[in-house]
Amino acid sequence: MTARSPTRSARIAATLGLCTGAAAIGLLATQGAGAGEQERNIEPRPAPDGMDHHTSETWESLATEPSQGRIVEEDGETRQIRYEFGGFPGEENEDFGDWPTHSYADETEYPEPQEADIPDDLEGDPERGRELFAKGELGPCSSCHLVPEAGIDSPGNVGTDLRTVGEWAPDKEWLYQVVYDPRVFYGEDSPMPPFGLSGMWSEEQIVDVVAYLMTLEGDEDGEPITPEGVDRHWDPNTRPALQPAGEHLDPFDNPALMHAEQIAVPLWDEPGPNGESCASCHGELEPADELRPVGVIEDLEGVAAEYPKWFDEYDRMMSIEDFLAVHAKEEQDMELPTQSDENLYMSLLVHSQSNGMAYDLDDDDPNVQAAIERGEALFHRPVGERAHACANCHTDRGGGDKWLSGRILANIEAEDTAMSNHPYWRTAQSRVWDLRTRFQWCMTPLGTNYLPGDAPEYADLETYLISEQQGEEVLVPRYAH
């Protein structure tokens with residue numbers, strides 16, 4: 001299906017409050033000082049070097065409390081409040097405040113690459129090293145590297161195949177440096193974290209792992225060993241990709257559609273405290289069709305294909321989810337916080353009105369251009385205890401199109417990448433996620449405090465990702481692992 005013409009912007013300006021500039025300010029002005037109107041604490045952030053446009057420096061988050069990730073102090077220790085699902089909780093929600101985040105205001109610096117000598121007074125234990133290598137919470141090394149261990153489930157191939165490392169590694173001193181801080185050899189953008197420099201592993205633990213790796217050799221012909229008792233799923237080099245068990249837009253296959261009917265459909269007609277409903281302005285929800293299986297809203301066809309979008313009145317880029325939270329409060333006096341079920345499924349309903357149309361960001365707008373540049377910088381910014389950037393996993397230089405444990409990493413540089421089309425049903429967690437929850441989820445295992453889901457930084461990062469997929473078709477909700 002061909003993307004709708006941008007000339008429909010005058011009609012879109014009246015829909016869902018998806019309007020910018022003078023049109024939006026005029027709409028808000030007609031409300032007077034009634035319930036639902038609020039003053040927002042917005043201050044401009046200075047433009048980055050070389051840029052003429054900026055984003056909001058101060059944004060009063062409208063996300064759910066777990067999404068905001070507040071730092072609290074209890075019993076003299078700080079921790080971050082996080083979601084209670086999907087692997088977010090861990091180590092009592094440890095505070096990673098010593099390490100850089102994606103916040104534009106974060107001035108935390110990561111240590112420079114550091115050379116290290118293997119301690120002379122430590123004798124490595126290969127068996128302890130083997131246990132450490134396979135222990136998920138301490139690496140997990142096997143998520144990226146292949147070793148001849150049948151007991152390791154779904155090893156990855158993001159990193160080097162280590163089945164014969166004991167034969168080709170120059171010496172144990174070289175291996176120690178690679179584990180301690182590989183950036184010395186491979187540069188600042190090394191996909192492998194500096195386990196020693198970050199303090200994730202002690203010197204003794206590194207020595208033990210080095211001792212284990214030095215025992216790994218090939219068969220009598222020098223070929224890598226595949227252990228007995230494993231099938232093709234064990235080896236990431238031959239493992240078939242997982243396929244969804246059903247069709248994305250089939251309500252009998254994709255649970256997100258059933259939940260959308262239960263949550264978003266009644267919410268569409270539900271009056272807010274001021275008596276206004278979504279249907280009051282945008283019309284009734286019409287019967288579903290092939291591409292819009294939850295229902296058809298003619299007034300919103302093609303709207304989501306133009307998001308994220310720049311809003312002068314909020315001084316920032318906004319996703320559909322960001323805008324819904326503000327719009328519901330200002331137009332209906334209704335709370336619709338980002339990352340809440342109500343917001344996610346209403347976003348799903350709105351996004352689905354653009355299914356089959358092409359992403360069409362207004363990249364002629366200098367504000368959008370600046371957001372794309374800022375987002376690209378964030379994509380390549382190392383953060384957290386592991387000093388990882390998005391690019392370490394999602395580019396050709398990193399793990400793009402390779403296996404991270406049992407998951408294939410999307411590659412933003414590939415022509416058929418699927419890093420957009422959110423919210424989507426995540427089978428591994430049996431719930432719907434938006435792209436911001438996915439950002440936050442990626443940050444947590446990196447040893448990083450995540451930002452609120454509606455942070456301007458995440459809006460810029462999302463803008464960059466979507467800009468790399470201009471022309472790709474919208475398909476919401478996907479049904480994916």
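The values are calculated or read from the model by the stated rules, or taken from the named source; none is laboratory data. No experiment lies behind these values; they were computed from the predicted model shown. Don't worry about glycine lacking a Cβ; one is built from the backbone with ideal geometry, like all the others, and counts go over all protein chains shown. What goes into the accessible areas is simple: the full protein's heavy atoms, side chains included, and nothing from ligands, DNA or RNA. Shrake-Rupley method; radii C 1.70, N 1.55, O 1.52, S 1.80 Å.
With respect to the conditions (1) surrounded by 14 or more Cβ atoms within 10 Å (Cβ to Cβ); (2) on the phi < 0 side of the Ramachandran plot; (3) part of a loop (DSSP other than H, G, I, E, B), Asp98 lacks only one, and its number is (1).
Scanning the range 338-351 for residues that are part of a loop (DSSP other than H, G, I, E, B) and either out of contact with any helix residue (DSSP H, G or I) (no Cβ under 6 Å at 6 or more places or on another chain) or closer than 17 Å to His282 by Cβ (or both) yields a single hit, Ser340.
Can you tell me which residue among Glu115, Glu109 is exposed (fewer than 14 other Cβ atoms within 10 Å of the Cβ) and modelled with pLDDT of 95 or more? Checking each option against the conditions leaves just Glu115.
In the range 76-90 there is at least one residue that is over 30 Å from Asp312 (Cβ atoms), open to solvent by 80 Å² or more (accessible area, probe 1.4 Å) and among the acidic types (Asp, Glu). Scoring Asp364 on the criteria (1) surrounded by fewer than 18 Cβ atoms within 10 Å (Cβ to Cβ); (2) acidic (Asp, Glu); (3) within 25 Å of Ala256 (Cβ to Cβ) leaves a single failure, condition (3). Of all the numbered requirements in (1) in a loop (DSSP other than H, G, I, E, B); (2) surrounded by fewer than 21 Cβ atoms within 10 Å (Cβ to Cβ), Asp454 misses one, and that requirement is (2). Filtering Glu261, Glu290 for residues that are part of a loop (DSSP other than H, G, I, E, B) and open to solvent by 20 Å² or more (accessible area, probe 1.4 Å) leaves a single hit, Glu290. The numbered conditions (1) surrounded by 19 or more Cβ atoms within 10 Å (Cβ to Cβ); (2) on the phi > 0 side of the Ramachandran plot; (3) out of contact with any helix residue (DSSP H, G or I) (no Cβ under 6 Å at 6 or more places or on another chain) are all true for Asp333 except (1). For the range 411-420, the condition of being open to solvent by 20 Å² or more (accessible area, probe 1.4 Å), modelled with pLDDT of 90 or more and not acidic (Asp, Glu) holds for none of the residues.
Of all residue pairs spaced 6 or more apart or on separate chains, those with beta-carbon atoms under 8 Å, a first member in the range 453-481 that is in contact (Cβ under 8 Å) with a residue 60 or more places away in the chain and within 20 Å of Val432 (Cβ to Cβ) and a second member that is open to solvent by 30 Å² or more (accessible area, probe 1.4 Å) and among the acidic types (Asp, Glu) are Tyr479/Glu247; Tyr479/Asp253.
No other residue among Glu107, Glu84 is out of contact with any Leu (no Cβ under 7 Å at 6 or more places or on another chain) and closer than 22 Å to Asp434 by Cα apart from Glu84. Scanning the range 70-87 for residues that are hydrophobic (A, V, I, L, M, F, W, C) and assigned to a strand (DSSP E or B) turns up Ile71, Val72.
Evaluate the range 335-344: report whether one residue or more is out of contact with any Cys (no Cβ under 8 Å at 6 or more places or on another chain), more than 30 Å from Pro445 (Cα to Cα) and at pLDDT 95 or above. Looking through the range 335-344, at least one residue is out of contact with any Cys (no Cβ under 8 Å at 6 or more places or on another chain), more than 30 Å from Pro445 (Cα to Cα) and at pLDDT 95 or above. For beta carbons closer than 7 Å, sequence separation of 6+ or different chains, a first residue in the range 288-305 that is touching a residue at least 24 places away in the same chain (Cβ under 8 Å) and a second that is among the basic types (Lys, Arg) and assigned to a loop (DSSP other than H, G, I, E, B), the qualifying pairs are Glu301/Arg4; Gly302/Arg4. Given the condition within 24 Å of Asp401 (Cβ to Cβ), in contact with a Lys or Arg (Cβ under 7 Å, 6 or more places away or on another chain) and in a loop (DSSP other than H, G, I, E, B), answer yes or no: does some residue in the range 124-140 qualify? Among the residues of the range 124-140, not one is within 24 Å of Asp401 (Cβ to Cβ), in contact with a Lys or Arg (Cβ under 7 Å, 6 or more places away or on another chain) and in a loop (DSSP other than H, G, I, E, B), which makes the answer no. Looking at the range 425-449, which of the residues that are open to solvent by less than 10 Å² (accessible area, probe 1.4 Å) and among the hydroxyl-bearing types (Ser, Thr, Tyr) is nearest to the chain's Cα centre (by Cα)? The selected residue is Thr437. At least 3 residues being surrounded by fewer than 17 Cβ atoms within 10 Å (Cβ to Cβ), at pLDDT 95 or above and in contact with a strand residue (DSSP E or B) (Cβ under 6 Å, 6 or more places away or on another chain) is the threshold, and among the helices (runs of 4 or more DSSP H) wholly inside the range 149-238 not one reaches it.
Do we have any residue at all in the range 193-208 that's touching a Lys or Arg at 6+ places or on another chain (Cβ under 6 Å), more than 18 Å from Ala389 (Cα to Cα) and of a type in the set (Phe, Trp, Tyr)? Checked the range 193-208: no residue is touching a Lys or Arg at 6+ places or on another chain (Cβ under 6 Å), more than 18 Å from Ala389 (Cα to Cα) and of a type in the set (Phe, Trp, Tyr). Filtered by the rule that a residue be outside any loop (DSSP other than H, G, I, E, B), more than 23 Å from Gln469 (Cβ to Cβ) and in contact with a helix residue (DSSP H, G or I) (Cβ under 7 Å, 6 or more places away or on another chain), the range 293-326 gives Asp299, Ala325.
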